[in-house]
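These notes are about the structure you will find just below.
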Amino acid sequence: MQQKNIWGKVCDCGNEVFDYFDENFYVMPKDYEKIMICPKCKTTNKISTNDAENFYKSKIFECFEGVYGNVLELGCGDGILTKYLATLQKVERITSVDLCNTLKLKSEKVKFKQLDLNQIEKFTPNISYDFVVCKDILMYLDDIEKLFFYLSKYSVNLLLLNWFNFEHKNCINKATPTKIVNIIKKYYKVVDLEYPHFYKWGYLIKAEK
C-alpha cells in the first residue's frame, strides 16, 4: 500500500512525469515547485502544487471512467467526484447522499439527498442503481456490515476508492480492506481489490453481482 504522495504532471510530449514524496500538496504553498526530468523526451518539468493536485485528481477520475446508468454516490461532500461523474455521457442520473448539503454543483443529472450513512436502513430508493460509488467515506462509518447488507438490495456494481490507516484519528471503524472485501463477498459474486499506486494508504474495490 502506497505511503507517500504522488507528485506529477503530463509533459508536453504526452508522457506522465511523476515521483513520490512526503510533501502533501493540499497543505503546500501554491508557489512550491518540484523539478523533474521527463524520462521520454528529457525535458525539464517544473511541477507546481497546483499541477500535482490536478494530476492526482485525474488519476482518481480514471478509476471511475467505466461508470454508467443510475449512480448512487456515498458521501459526496462538496462534489469533487460528483462533478466528474456528471460529465460522463453514459451516466444518466446521480443520487448524491451526505450528512450535510455542501454539494457545489448544479446539474440536471444530479439529485442530492441528505442522509446519515450510519442509518442506511432509512434509505429506501424505488429504483435499482447500476453503480454505487464513493471516495474516502468507508473509514468514517460505524457498521460496514450493515452498509453493504442494505446496498446489496438495490445496487448491481460497486466502485469504492478509499484510504485505510488504522493509526489515523479519523479512521473510525478500523475495518481493513481485506475485511471489507470479505463482507462484500457475501452479497456480490465478483469482488476485486486493488492498491492504486498513486493513492496514499489507498485501495480500490470493484464488485458486481
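Any residue at all in segment 170-183 that is assigned to a strand (DSSP E or B), within 26 Å of Glu62 (Cα to Cα) and in the same structural domain as Leu81 (by TED's automatic domain parsing)? No - not one qualifying residue is present in segment 170-183.
Listed by position, the strands (runs of 3 or more DSSP E) inside segment 1-54 whose residues that are closer than 29 Å to Pro177 by Cβ number at least 3 are 5-10, 16-21.
Each residue in segment 151-177 was checked for being of a type outside the set (D, E, K, R), surrounded by fewer than 19 Cβ atoms within 10 Å (Cβ to Cβ) and under 24 Å from Gly66 (Cβ atoms), and 3 pass.
Entry remark, segment 124-158: residues being of a type outside the set (Lys, Arg) and over 18 Å from Ala175 (Cβ atoms) number 13 in total.
With the condition kept exactly as written, say whether any residue in segment 78-94 is of a type in the set (Val, Ile, Thr) and more than 28 Å from Tyr140 (Cα to Cα). No, segment 78-94 contains no residue that is of a type in the set (Val, Ile, Thr) and more than 28 Å from Tyr140 (Cα to Cα). Reported count of residues in segment 102-115, each being surrounded by 13 or more Cβ atoms within 10 Å (Cβ to Cβ) and either touching a residue at least 60 places away in the same chain (Cβ under 8 Å) or part of a loop (DSSP other than H, G, I, E, B) (or both), is 5. Applying the set (1) modelled with pLDDT of 95 or more; (2) outside any strand (DSSP E or B); (3) not hydroxyl-bearing (Ser, Thr, Tyr) to Asp130 leaves exactly one unmet item: (2).
The values are calculated or read from the model by the stated rules, or taken from the named source; none is laboratory data. Being a predicted model, the structure only gives us computed values, none of them experimental. Cβ atoms come from the backbone with ideal geometry, glycine included; neighbour counts cover every protein chain shown.
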